[in-house]
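Q: Supplied in structure tokens, the structure appears directly below.
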Amino acid sequence: MNKVFNPVETLLNSADLNNTGYLEFVAESLSWRVYLQSGKLKYVECSLQSLSQLKYYLLRQEWNAPVVALKDLPQSYFKAEADPENKSFNNGFYQQVIPWLLAEKHLYHSQFLQLIEDITQDSLESCLWLREGVVSWHEGELIPSWLQAETNDSLSFDIPDLVNFLEERLKKWQSCGSELTSPHQRPYFLDYRDIDKVPTWGVLSQKVLLKLANIMRKGLSFRQLSIVLQKDEIHVAQLLSPYIEHHKIHLRNPQSPLDRLPTIPPAPSREEVASPVPEPEVLKHKVVCIDDSPTILNEIQRFLDQERFEVTAISDPVKASSIIFRLEPDLILLDITMPRINGYKLCGLLRSSQVFDETPIIMVTGNTGMIDKARAKLAGATDYFTKPFTQESLMTIIEKHLN
């Protein structure tokens with residue numbers, strides 16, 4: 001075993017060696033297993049697994065039915081729920097509950113794959129926040145058997161791309177100030193009279209702040225607030241950070257056992273930041289996504305590499321045309337079923353301008369049976385694909401038309 005000072009470097013080195021097995025990171029009372037196969041990331045699990053975390057993953061995707069079904073979860077499964085002192089993964093909470101949701105048909109197979117991807121990303125993010133501990137390599141060990149049977153090797157993540165994405169997320173967390181150290185912290189107003197004062201340091205109105213104050217009375221974390229507000233947790237933190245910095249909003253510690261997870265590493269000081277070597281500017285493809293579902297927009301932004309794509313998400317189709325004409329994107333993803341103006345009409349409007357004669361416009365639908373191919377062709381659509389989608393399928397159709 002070796003001391004862990006830089007888990008990112010450890011992970012990238014293992015990927016370069018095309019290793020198969022798992023890295024085990026251990027810090028205090030928690031441990032993480034990072035499974036690799038031929039240098040590709042397959043799955044990451046943390047020994048801290050709880051019902052509240054599982055509900056968060058499901059609600060973030062707006063999957064309410066599986067959450068309701070958890071009320072019928074056999075009581076024996078709760079014995080496997082997170083024990084802060086237990087580093088073992090044997091009979092873990094997720095490996096009992098998630099197959100149960102599948103077997104009872106509370107979870108579709110496509111939802112299962114998305115859930116495993118979300119758990120992997122979230123577990124890896126907390127692992128990469130480690131600053132001390134030990135690491136060991138277990139050669140040849142494959143992902144847990146309960147996953148092998150369901151995934152059929154369909155899940156695989158490019159480690160450098162995922163690490164880059166998580167490092168960008170870290171920078172956003174760090175931009176929220178030094179007092180915010182965890183997505184599980186719980187913001188609250190200490191003095192409600194502060195709400196009546198016109199805030200000059202933030203963008204939220206008094207009316208919105210009052211609504212937030214009432215919601216915060218429930219003791220919700222940033223992560224839980226993001227579900228209530230239907231916004232990304234970092235976006236919620238960024239909105240509240242000016243009020244935290246000026247001590248109008250205060251922070252409670254995460255509830256146990258979430259307080260045992262690693263905290264957000266502080267941003268490096270100016271002395272620690274070396275002068276970067278200028279790199280040649282990479283031309284990014286401009287992609288516009290138009291969908292009235294915040295979840296779909298968030299997924300598309302998460303899937304597309306920020307180094308290669310400049311993504312603009314638009315949730316209001318009525319405002320879309322003015323934004324698109326200003327941006328002149330390289331490719332447009334357009335939902336068919338939207339309020340006030342549907343995808344066919346908006347596509348036809350864009351095609352009526354010479355500016356978008358050659359711009360690929362890809363229709364997005366939740367069901368292949370719902371798309372009128374003749375109507376889509378007449379409107380000027382280049383192609384279409386269906387929801388839910390994977391990162392691989394999204395990249396395939398985008399690269400097909402950008403190339």
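The values are calculated or read from the model by the stated rules, or taken from the named source; none is laboratory data. Just so it is clear, the model here is predicted, and its values are computed rather than measured. Positions of Cβ are backbone-derived with ideal geometry, glycine not excepted, and every protein chain shown enters the neighbour counts.
Q: Among the candidates LYS345, LYS319, single out the residue that is over 20 Å from TYR384 (Cβ atoms) and basic (Lys, Arg). Lay out the reasoning, then the answer.
A: On the way: LYS345 fails: over 20 Å from TYR384 (Cβ atoms).
On inspection, the qualifying residue turns out to be LYS319.
Q: So, in segment 10-66, exactly how many residues are of a type in the set (A, V, I, L, M, F, W, C) and more than 22 Å from GLU150 (Cβ to Cβ)? Please lay out each step first, then the result.
A: Let us first name the residues in segment 10-66 that are of a type in the set (A, V, I, L, M, F, W, C), namely 11-12, 15, 17, 23, 25-27, 30, 32, 34, 36, 41, 44, 46, 48, 51, 54, 58-59, 63, 65.
This time we only want the ones that are more than 22 Å from GLU150 (Cβ to Cβ), so: 11-12, 15, 17, 23, 25-27, 30, 48.
So the count comes out to 10.
Q: Now for a separate question. Please specify each residue of segment 9-29 satisfying the condition of being touching a Pro at 6+ places or on another chain (Cβ under 8 Å) and among the aliphatic types (A, V, I, L, M). Step through it out loud before you land on a result.
A: The initial filter retains those residues of segment 9-29 that are touching a Pro at 6+ places or on another chain (Cβ under 8 Å), namely 12, 15, 25, 27, 29.
LEU12, ALA15, ALA27 - these are the residues of segment 9-29 that are touching a Pro at 6+ places or on another chain (Cβ under 8 Å) and among the aliphatic types (A, V, I, L, M).
Q: Give the residue, chosen from ASP158, ASP153, that is among the acidic types (Asp, Glu), in contact with a helix residue (DSSP H, G or I) (Cβ under 9 Å, 6 or more places away or on another chain) and surrounded by fewer than 19 Cβ atoms within 10 Å (Cβ to Cβ).
A: One residue alone meets the criteria, ASP158.
Q: Which members of segment 357-377 meet the condition of being touching a residue at least 24 places away in the same chain (Cβ under 8 Å) and hydrophobic (A, V, I, L, M, F, W, C)? Show your work before the answer.
A: To start, the set of residues in segment 357-377 that are touching a residue at least 24 places away in the same chain (Cβ under 8 Å) comprises 359-366, 370-372, 375-376.
Hits for segment 357-377 are ILE361, ILE362, MET363, VAL364, MET370, ILE371, ALA376.
Q: From the list TYR43, TYR35, TYR22, exactly one residue is hydroxyl-bearing (Ser, Thr, Tyr) and touching a helix residue (DSSP H, G or I) at 6+ places or on another chain (Cβ under 6 Å). Which is it? If you could, list the steps in order and put the result at the bottom.
A: Numbers: TYR35 fails: touching a helix residue (DSSP H, G or I) at 6+ places or on another chain (Cβ under 6 Å); TYR22 fails: touching a helix residue (DSSP H, G or I) at 6+ places or on another chain (Cβ under 6 Å).
It is TYR43.
Q: While we're looking at this one, here's another question. For GLU233, are the conditions met, namely being charged (D, E, K, R) and farther than 24 Å from GLU62 by Cβ?
A: Numbers: charged (D, E, K, R): yes; farther than 24 Å from GLU62 by Cβ: no.
The answer is no for GLU233.
Q: Does ARG326 satisfy the criteria of being under 19 Å from MET363 (Cβ atoms) and of a type in the set (D, E, K, R)? Steps first, answer last, please.
A: Details: under 19 Å from MET363 (Cβ atoms): no; of a type in the set (D, E, K, R): yes.
In short, no.
Q: Further question: Look through GLU399, GLU392, GLU358 and report the one residue that is over 21 Å from ILE296 (Cα atoms) and not hydrophobic (A, V, I, L, M, F, W, C).
A: On the way: GLU399 fails: over 21 Å from ILE296 (Cα atoms); GLU392 fails: over 21 Å from ILE296 (Cα atoms).
Exactly one residue qualifies, and that residue is GLU358.
Q: Further, regarding this structure: Would you point out which residue out of GLN174, GLN111 is touching a residue at least 40 places away in the same chain (Cβ under 8 Å) and crowded, with 17+ Cβ neighbours inside 10 Å?
A: Values: GLN174 fails: crowded, with 17+ Cβ neighbours inside 10 Å.
GLN111 is the lone residue from the list that is touching a residue at least 40 places away in the same chain (Cβ under 8 Å) and crowded, with 17+ Cβ neighbours inside 10 Å.
Q: Another question about this same structure. Are there any helices (runs of 4 or more DSSP H) wholly within segment 94-198 with 1 or more residues that are more than 30 Å from SER241 (Cα to Cα) and touching a Phe, Trp or Tyr at 6+ places or on another chain (Cβ under 8 Å), and if so which? Spell out how you get there, then give the answer.
A: Details: elements: 109-128, 145-151, 159-174.
Filter on segment 94-198 gives 109-128, 145-151.
Q: Taking ILE314 as the residue in question, decide whether it is free of Cβ contacts under 8 Å to residues at least 40 places away in the same chain and either in contact with a His (Cβ under 8 Å, 6 or more places away or on another chain) or outside the structural domain of GLY380 (by TED's automatic domain parsing) (or both).
A: On the way: free of Cβ contacts under 8 Å to residues at least 40 places away in the same chain: yes; either in contact with a His (Cβ under 8 Å, 6 or more places away or on another chain) or outside the structural domain of GLY380 (by TED's automatic domain parsing) (or both): no.
It is false that ILE314 is free of Cβ contacts under 8 Å to residues at least 40 places away in the same chain and either in contact with a His (Cβ under 8 Å, 6 or more places away or on another chain) or outside the structural domain of GLY380 (by TED's automatic domain parsing) (or both).
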